[in-house]
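The values are calculated or read from the model by the stated rules, or taken from the named source; none is laboratory data. Source: prediction; values computed, not measured. Every residue, glycine among them, receives a Cβ derived from its backbone with ideal geometry; neighbour counts consider all protein chains shown.
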Amino acid sequence: MFRPRIIPVLLLRDWILVKSIKFKDHRYIGDPINAVRIFNDLKADELIFLDIEASKNNRLISLDFIKDVGEEAQMPFGVGGGVRSIEDIRAIINAGAEKVVINTHAGQNPDFIREASETFGSTTIVVCIDVKKKIFKGEQTWILNGSLSTEFKPVEFAQLMEKNGAGELIIQSIENDGTMEGYDIDLIRSITSEVGVPVVALGGAGNEEHLVEAYRDGRANGLAAGSLFVYQSKKRGVLINYPEKNGLMFG
Amino acid sequence: MSSKVVIVDYGTGNLNSVKRSMDRMRVNSVVSSDYRDIIDSDKIILPGVGHFGRAMSNLKELNLIETLNDAVLVKQKPILGICLGMELMAKSSEEGDADGLGWFDAEIIAFNVSDKNLYKVPHMGWNKIFIKKNSHLMKNIIESSEFYFVHSYHLKVNDESDILNETNYDFTFPSAIEKGNIFGVQYHPEKSHDAGAQLLKNFLEM
């Protein structure tokens, strides 16, 4: 049986690790490089780092930071934050990341994903689709760290990104972010049933049962979370942790 | 380990992670697209992520094909191909409809899964390897260890004795090949925690 990947998603404000609730109320978590060392010891499948203020501030995630992660990480990792050009992607890959995560620029310029995947190969290009309901419009795709909505419906945008060559899609529920009450399984399933590329579920995982649900009911190929891996429990005491993979019942 | 390792840079993908693995093991290695570094080396790593056809034309443009053939087939230097680097060792690939280095009687074919909903392509993630023959490359690696895979094409091997590992994703495919001094792995040992580090160590001991 091919098991899903379990992926800690770590949010950065520059070089500081933070965690949000519904994309707000950011709390200080700690030093990201120290977290990488712990995730090495815990044999994490993969890591994702997102600099949540990069696009808003018109800058790219720090390349020096990526180099530092690369020095430590013994697993594949992806990074995102402010990626707007082919040169940005090349710089990130040269700094040592395997995957580049794109949100804002994919929403603003969907054709950029085609150019990126043709240049670097699909498996390098990951599109993060942030989803939130909008009054009278239903679920929409959002950019700029959830501050601006686009006209795209999530399924429609996911299909467009697949067509343009994205090798993987992260589907993130803004409303479930940080709640630790479970993924938006219907949202995940609506995407996984319509695309052929791997889909990573994100937003809301609070325990291992939630991970199993996203795989079993949502058919996600990757199970990503923030709070679950940086907090000890819903009381939110900081403790970097990772599940015993073979202990999870994915069968 | 005092040997000199060349990591062949032919303009594709992430060579840094391989280089860093070497540095962690305190191995003298160089990332290079200069044929002289291949001639000077004791061991060769052919990494790579990307497009088969483009990779072969890059090797041609860099004038590396003859040097590699001489180093591997005549001088018998140990070589490890990783992912696309392994695929290039086959005779041909459906990706770009191109000829490969032809060191193995094998072809690279597209992943043709039975259910696209169940088995997404690329095959991306951690999967088990099954060891099919005795090899120093597998020393201290436990049967059915997990390694990290990312690929949309896979091996079809005509000579079964070349198969070192198999992996299952919808169906069983060869995930590593070995013939004499030539080794190729579909997975990424440089990104596969302890088992991956062990495999690279084993290769460097050759």
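Go through segment A:152-208 residue by residue and tally those that are over 30 Å from A:Val238 (Cβ atoms) and of a type in the set (Phe, Trp, Tyr).
So the answer is 2.
Restricted to segment B:132-152, and to residues that are of a type in the set (Gly, Ala, Ser) and over 15 Å from the mean Cα position of the chain (by Cα), which residue is nearest to A:Phe77 (Cα to Cα)? Break it down stepwise before answering.
To start, the set of residues in segment B:132-152 that are of a type in the set (Gly, Ala, Ser) comprises B:135, B:144-145, B:152.
Still in the list and also over 15 Å from the mean Cα position of the chain (by Cα): B:135, B:144-145.
On the way: B:Ser135: 30, B:Ser144: 23, B:Ser145: 20 Å.
Among residues in segment B:132-152 that are of a type in the set (Gly, Ala, Ser) and over 15 Å from the mean Cα position of the chain (by Cα), the one nearest to A:Phe77 (Cα to Cα) is B:Ser145.
For segment B:145-172, give me the residue count where each residue is in contact with a Ser or Thr (Cβ under 6 Å, 6 or more places away or on another chain) and either under 20 Å from B:Ser135 (Cα atoms) or modelled with pLDDT of 95 or more (or both).
Going residue by residue through segment B:145-172, those that are in contact with a Ser or Thr (Cβ under 6 Å, 6 or more places away or on another chain) are B:147-148, B:150, B:164-167, B:170.
From what's left, either under 20 Å from B:Ser135 (Cα atoms) or modelled with pLDDT of 95 or more (or both): B:147-148, B:164-167, B:170.
Qualifying residue count for the region: 7.
In contact with a Leu (Cβ under 7 Å, 6 or more places away or on another chain) and either over 14 Å from A:Ile6 (Cβ atoms) or not charged (D, E, K, R) (or both): is that true of A:Val212 in this structure? Let's see the steps before the verdict.
On the way: in contact with a Leu (Cβ under 7 Å, 6 or more places away or on another chain): yes; either over 14 Å from A:Ile6 (Cβ atoms) or not charged (D, E, K, R) (or both): yes.
The answer is yes for A:Val212.
Please determine whether any residue of segment B:164-186 is part of a loop (DSSP other than H, G, I, E, B), in contact (Cβ under 8 Å) with a residue 60 or more places away in the chain, within 14 Å of chain A (Cβ to nearest Cβ) and within 23 Å of A:Pro76 (Cβ to Cβ).
Let us first name the residues in segment B:164-186 that are part of a loop (DSSP other than H, G, I, E, B), namely B:170, B:180-181, B:186.
Checking the rest, the ones that are also in contact (Cβ under 8 Å) with a residue 60 or more places away in the chain come to B:180-181, B:186.
Within this subset, residues satisfying the condition of being within 14 Å of chain A (Cβ to nearest Cβ) are B:186.
With the extra rule that they be within 23 Å of A:Pro76 (Cβ to Cβ), the set shrinks to B:186.
Yes, some residue in segment B:164-186 is part of a loop (DSSP other than H, G, I, E, B), in contact (Cβ under 8 Å) with a residue 60 or more places away in the chain, within 14 Å of chain A (Cβ to nearest Cβ) and within 23 Å of A:Pro76 (Cβ to Cβ).
Tell me, which residue of segment A:191-216 that is more than 14 Å from chain B (Cβ to nearest Cβ) and surrounded by fewer than 23 Cβ atoms within 10 Å (Cβ to Cβ) is farthest from the chain's Cα centre (by Cα)?
Selected residue: A:Glu209.
Restricting attention to segment B:23-44, which residues are touching a residue at least 40 places away in the same chain (Cβ under 8 Å) and more than 17 Å from B:Leu73 (Cβ to Cβ)? Talk me through it step by step, then tell me what you get.
Here is the first cut: in segment B:23-44, the ones touching a residue at least 40 places away in the same chain (Cβ under 8 Å) are B:24-25, B:27, B:43.
Of everything in segment B:23-44, those that are touching a residue at least 40 places away in the same chain (Cβ under 8 Å) and more than 17 Å from B:Leu73 (Cβ to Cβ) turn out to be B:Arg24, B:Met25, B:Val27.
Failed condition for B:Ala195, given (1) at pLDDT 95 or above; (2) assigned to a strand (DSSP E or B); (3) within 14 Å of chain A (Cβ to nearest Cβ), with all others met?
(2)
Determine whether A:Ala97 is surrounded by 21 or more Cβ atoms within 10 Å (Cβ to Cβ), under 26 Å from A:Val36 (Cβ atoms), of a type in the set (Gly, Ala, Ser) and out of contact with any His (no Cβ under 6 Å at 6 or more places or on another chain).
It is true that A:Ala97 is surrounded by 21 or more Cβ atoms within 10 Å (Cβ to Cβ), under 26 Å from A:Val36 (Cβ atoms), of a type in the set (Gly, Ala, Ser) and out of contact with any His (no Cβ under 6 Å at 6 or more places or on another chain).
Considering only segment A:233-243, how many residues are of a type in the set (D, E, K, R) and either in contact with an Asp or Glu (Cβ under 9 Å, 6 or more places away or on another chain) or not in a loop (DSSP other than H, G, I, E, B) (or both)?
Of segment A:233-243, the ones of a type in the set (D, E, K, R) are A:234-236.
Cutting the leftovers down to either in contact with an Asp or Glu (Cβ under 9 Å, 6 or more places away or on another chain) or not in a loop (DSSP other than H, G, I, E, B) (or both) gives us A:234.
Of the residues in that region, 1 qualify.
Regarding A:Leu11, is this residue touching a Leu at 6+ places or on another chain (Cβ under 6 Å) and at pLDDT 95 or above?
Details: touching a Leu at 6+ places or on another chain (Cβ under 6 Å): yes; at pLDDT 95 or above: yes.
Spelling it out, A:Leu11 is indeed touching a Leu at 6+ places or on another chain (Cβ under 6 Å) and at pLDDT 95 or above.
Among the numbered criteria (1) farther than 26 Å from B:Lys120 by Cβ; (2) touching a Phe, Trp or Tyr at 6+ places or on another chain (Cβ under 6 Å); (3) basic (Lys, Arg), which one does A:Arg3 miss?
If we test A:Arg3 against (1) farther than 26 Å from B:Lys120 by Cβ; (2) touching a Phe, Trp or Tyr at 6+ places or on another chain (Cβ under 6 Å); (3) basic (Lys, Arg), just (1) comes out false.
Regarding segment A:135-142, can at least one residue be identified that is touching a residue at least 12 places away in the same chain (Cβ under 8 Å), surrounded by 22 or more Cβ atoms within 10 Å (Cβ to Cβ) and more than 14 Å from every other protein chain (Cβ to nearest Cβ)?
yes
For every residue, the table says whether it meets (1) surrounded by 15 or more Cβ atoms within 10 Å (Cβ to Cβ); (2) not in a strand (DSSP E or B).
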position	(1), (2)
A:Leu10	yes, no
A:Val18	yes, no
A:Tyr28	no, no
A:Ala35	yes, yes
A:Ile38	yes, yes
A:Ala44	yes, yes
A:Leu50	yes, no
A:Ser55	yes, yes
A:Asp64	no, yes
